[in-house]
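The values are calculated or read from the model by the stated rules, or taken from the named source; none is laboratory data. No experiment lies behind these values; they were computed from the predicted model shown. Every residue, glycine among them, receives a Cβ derived from its backbone with ideal geometry; neighbour counts consider all protein chains shown. Surface accessibility is based on the protein's heavy atoms, side chains included, excluding ligands, DNA and RNA. Shrake-Rupley method; radii C 1.70, N 1.55, O 1.52, S 1.80 Å.
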Amino acid sequence: MKDDIKKYVIKEYVDDDTDVTYDTPLISGGIVDSFSMVSLKRFLENKYQISIPDDKATPEAFDSVNKICLLVNEYLK
Amino acid sequence: MAFTEKTRGLYSEILTGLQTAGLFKQERFIHSAQAADIEVEYPTGAPLKKVINICANNYLGMSSHPEVVKAAHDGLDSHGYGMSSVRFICGTQDIHRTLESMVTQFLGTEDTILFPSCLDANGGVFEAVLTKDDVMISDRLVHASIIDGIRLCSAMHDTFKHSDMEHLEEKLQLHSDKRLKMVITDGVFSMDGDTAKLDKMVELCEKYNALLFVDDSHASGFIGKTGRGTHEKYGVMGEIDIITTTFGKGLGGASGGCVSGRRELVEMCRQKARPYLFSNTIAPPVVAGVIKVLEILSASTDRRDKLEHNTEFWRKGLIDAGLIIKSGDTPIVPVMLFNAKLAQDVSRDLYEEGIYAIGFFFPVVSQGQARIRTQISAGHEIHHLEKALDAFKKVGKKYDILGKSKQEIIERYGM
Ligand SMILES: Cc1ncc(COP(=O)(O)O)c(C=O)c1O
């Protein structure tokens with residue numbers, strides 16, 4: 001899952017060869033603007049067949065690939 | 001008296017921070033009317049200097065066109081100075097409706113509603129026509145006022161990479177379950193001077209049943225064979241659901257904006273758009289001026305043809321001089337310098353040579369993309385452009401950037 005999410009983040013948000021690791025700060029690091037979080041959320045929901053409540057989809061919860069995995073796992077039952 | 005010394009200190013610190021970061025904006029006072037030749041007081045208190053302006057949005061040279069000035073005078077005499085009311089109480093005159101009809105005709109749409117500015121049009125339109133069941137999919141480089149409008153709207157928001165049609169298509173698929181989808185773009189992008197691929201976008205919007213929104217502020221009056229805008233250039237007139245544009249650039253340069261498009265969407269704005277409901281519309285003399293501008297542009301394409309010719313001359317001149325410009329065919333011609341300090345230095349030296357052009361750098365454009373943005377006008381004569389080219393050559397030589405590649409410039413000056 002980690003790799004799929006990382007791959008998506010790179011394809012979606014990185015235009016140059018900025019290095020993205022599992023812990024790279026995505027939102028506070030300026031890679032993902034808070035506007036574009038929406039498509040990340042929808043991507044996760046579609047791919048893992050889950051539903052993340054809006055109040056859980058905070059910039060903090062989306063701030064790295066690792067954190068995103070934690071969030072997804074919470075809703076994967 | 002709650003503005004304590006501590007509060008004052010807080011703001012002083014922020015302002016000083018902007019200054020040290022080189023982000024502090026300063027105005028230059030122009031003592032003449034807006035035109036190719038202007039008289040400028042800069043720095044403040046300095047004697048007036050005659051310079052050639054190549055950074056105005058005065059694309060068609062209408063800002064001080066004698067017929068437009070006269071029409072505004074006449075409008076002032078016949079319809080007064082102001083309305084002292086918003087539109088729906090007692091702030092609508094016959095000339096406001098006349099102008100709306102003329103814009104509809106000019107842009108080839110179904111209906112039009114005026115706004116105090118295009119910033120207001122963009123600020124109010126999304127909230128008026130979309131709800132939380134809908135999605136807005138915007139190009140990542142749209143104008144700041146569109147971003148503001150999007151923020152005020154409860155619909156979901158997503159973005160696509162600048163002018164990347166494959167990415168847009170993916171997004172349209174991703175959001176296919178939404179009640180309404182609206183694709184949002186500028187017609188001409190103001191920083192790079194490139195145009196949105198409206199033919200492809202119309203195709204995609206048809207395929208995925210989405211609405212298409214275009215801000216044509218940097219296009220109305222001169223892009224396309226008869227100057228109707230980016231939709232004319234791409235052969236899709238009548239197929240854009242919402243066009244917003246300004247009267248503050250090519251179409252006279254004073255102020256005001258509008259939403260033009262599908263009848264029902266325009267009517268929704270009349271019922272619900274907050275800048276329309278809660279702010280005075282365009283003042284009568286300005287309305288009269290814009291009406292004259294549209295009369296002139298509808299009667300003849302001379303001015304946009306001259307602009308096209310001037311633009312070709314300018315682009316070729318810069319390339320021949322060995323400068324790097326963003327390719328394209330619009331009158332927005334960025335001269336790329338990559339380094340922020342270099343852009344500021346070149347701008348200052350150009351001013352010394354009598355040429356007024358401004359450096360743009362981060363955060364207005366991305367890091368390492370600093371530039372001088374030049375904007376050509378039908379108000380320029382070839383002699384203006386020749387003088388400006390000479391200045392660019394002289395200053396370019398001083399900094400040894402003529403004929404140099406991007407790599408070489410960056411190696412020497414840094415990003
Ligand atoms: C693309 C775009 N839209 C809207 C505006 C705002 O226009 P106005 O001056 O009418 O508010 C501008 C002006 O800077 C612009 O460049």
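In segment B:167-177, the qualifying residues are those that are more than 9 Å from chain A (Cβ to nearest Cβ) and open to solvent by less than 10 Å² (accessible area, probe 1.4 Å), and the one that is farthest from B:Met268 (Cα to Cα) is B:Leu168. Going by what's in this entry, would B:Gly248 be described as part of a loop (DSSP other than H, G, I, E, B) and within 16 Å of the ligand (Cβ to nearest atom)? Considered against the rule, which asks whether it is part of a loop (DSSP other than H, G, I, E, B) and within 16 Å of the ligand (Cβ to nearest atom), B:Gly248 comes out as yes. When B:Arg263 is tested against (1) closer than 14 Å to B:Ser220 by Cβ; (2) more than 16 Å from the ligand (Cβ to nearest atom), exactly one condition is not met: (1). Residues satisfying the criterion are absent from segment A:33-43 (criterion: without any contact (Cβ under 8 Å) to a residue 40 or more places away in the chain, within 14 Å of chain B (Cβ to nearest Cβ), farther than 30 Å from B:Gln369 by Cα and open to solvent by 70 Å² or more (accessible area, probe 1.4 Å)). Within segment A:44-59, being more than 9 Å from chain B (Cβ to nearest Cβ) and surrounded by fewer than 16 Cβ atoms within 10 Å (Cβ to Cβ) holds for A:Glu45, A:Lys47, A:Gln49, A:Ile50, A:Ser51, A:Pro53, A:Asp54, A:Asp55, A:Lys56, A:Thr58, A:Pro59. Checking each residue in segment B:29-46 for being surrounded by 16 or more Cβ atoms within 10 Å (Cβ to Cβ) and under 16 Å from B:Val69 (Cα atoms) picks out B:Gln34, B:Ala35. Can you name the residue in segment B:108-121 that is among the aliphatic types (A, V, I, L, M) and in contact with a Cys (Cβ under 9 Å, 6 or more places away or on another chain) and is also surrounded by the most Cβ atoms within 10 Å (Cβ to Cβ) among such residues? The qualifying residue surrounded by the most Cβ atoms within 10 Å (Cβ to Cβ) is B:Ala121.
Quick check: is even one residue across segment B:122-144 in the same structural domain as B:Gly248 (by TED's automatic domain parsing), within 13 Å of the ligand (Cβ to nearest atom) and surrounded by fewer than 18 Cβ atoms within 10 Å (Cβ to Cβ)? So far as segment B:122-144 goes, yes, one or more of its residues are in the same structural domain as B:Gly248 (by TED's automatic domain parsing), within 13 Å of the ligand (Cβ to nearest atom) and surrounded by fewer than 18 Cβ atoms within 10 Å (Cβ to Cβ). Scanning segment B:140-183 for residues that are in a strand (DSSP E or B) and either in contact with a Pro (Cβ under 9 Å, 6 or more places away or on another chain) or among the β-branched types (Val, Ile, Thr) (or both) returns B:Thr159, B:Val183. Among the residues of segment B:195-245, those that are charged (D, E, K, R) and under 12 Å from the mean Cα position of the chain (by Cα) comprise B:Asp215, B:Asp216. For segment B:331-361, the set of residues classified as part of a loop (DSSP other than H, G, I, E, B) and over 16 Å from B:Lys393 (Cα atoms) consists of B:Pro331, B:Asn339, B:Phe361, listed by residue number. A residue that is away from chain A (no Cβ under 14 Å), open to solvent by less than 10 Å² (accessible area, probe 1.4 Å), within 28 Å of B:Pro285 (Cβ to Cβ) and in a helix (DSSP H, G or I) can be found somewhere in segment B:68-82. State whether one or more residues within segment B:251-262 are more than 16 Å from B:Val188 (Cβ to Cβ), open to solvent by 20 Å² or more (accessible area, probe 1.4 Å), in contact with a Lys or Arg (Cβ under 8 Å, 6 or more places away or on another chain) and among the hydroxyl-bearing types (Ser, Thr, Tyr). Checking segment B:251-262: not a single residue is more than 16 Å from B:Val188 (Cβ to Cβ), open to solvent by 20 Å² or more (accessible area, probe 1.4 Å), in contact with a Lys or Arg (Cβ under 8 Å, 6 or more places away or on another chain) and among the hydroxyl-bearing types (Ser, Thr, Tyr).
Of all the residues in segment B:184-210, those that are outside any helix (DSSP H, G or I) and either within 14 Å of chain A (Cβ to nearest Cβ) or free of Cβ contacts under 8 Å to residues at least 40 places away in the same chain (or both) number 4.
I need the full set of residues from segment B:147-166 which are among the aliphatic types (A, V, I, L, M) and within 24 Å of B:Cys269 (Cα to Cα), in order please. The answer is B:Ile147, B:Ile150, B:Leu152, B:Ala155, B:Met156. Among the conditions (1) in a helix (DSSP H, G or I); (2) within 18 Å of B:His167 (Cβ to Cβ), A:Asp15 misses just one, which is (1). Could you pull out the residue among B:Phe160, B:Phe115 that is among the aromatic types (Phe, Trp, Tyr) and within 16 Å of the ligand (Cβ to nearest atom)? Exactly one residue qualifies, and that residue is B:Phe115. Hey, does segment A:23-32 have a residue that's within 11 Å of chain B (Cβ to nearest Cβ) and either modelled with pLDDT of 90 or more or surrounded by fewer than 18 Cβ atoms within 10 Å (Cβ to Cβ) (or both)? Scanning segment A:23-32 turns up at least one residue that is within 11 Å of chain B (Cβ to nearest Cβ) and either modelled with pLDDT of 90 or more or surrounded by fewer than 18 Cβ atoms within 10 Å (Cβ to Cβ) (or both). Which of the residues belonging to segment B:1-28 are open to solvent by 60 Å² or more (accessible area, probe 1.4 Å), among the basic types (Lys, Arg) and closer than 22 Å to B:Ala357 by Cβ? Across segment B:1-28, the qualifying residue is only B:Lys25. If you go through segment B:154-166 and pick out every residue that is away from every other protein chain (no Cβ under 12 Å) and either in contact (Cβ under 8 Å) with a residue 60 or more places away in the chain or of a type outside the set (Gly, Ala, Ser) (or both), you end up with 1. Scanning segment A:5-22 for residues that are within 14 Å of another protein chain (Cβ to nearest Cβ) and open to solvent by less than 50 Å² (accessible area, probe 1.4 Å) returns A:Tyr8, A:Val9, A:Glu12, A:Tyr13, A:Val14. So which residues in segment B:275-311 are outside any helix (DSSP H, G or I) and either surrounded by 23 or more Cβ atoms within 10 Å (Cβ to Cβ) or not small (Gly, Ala, Ser) (or both)? B:Phe278, B:Asn280, B:Thr281, B:Ile282, B:Thr301, listed by residue number.
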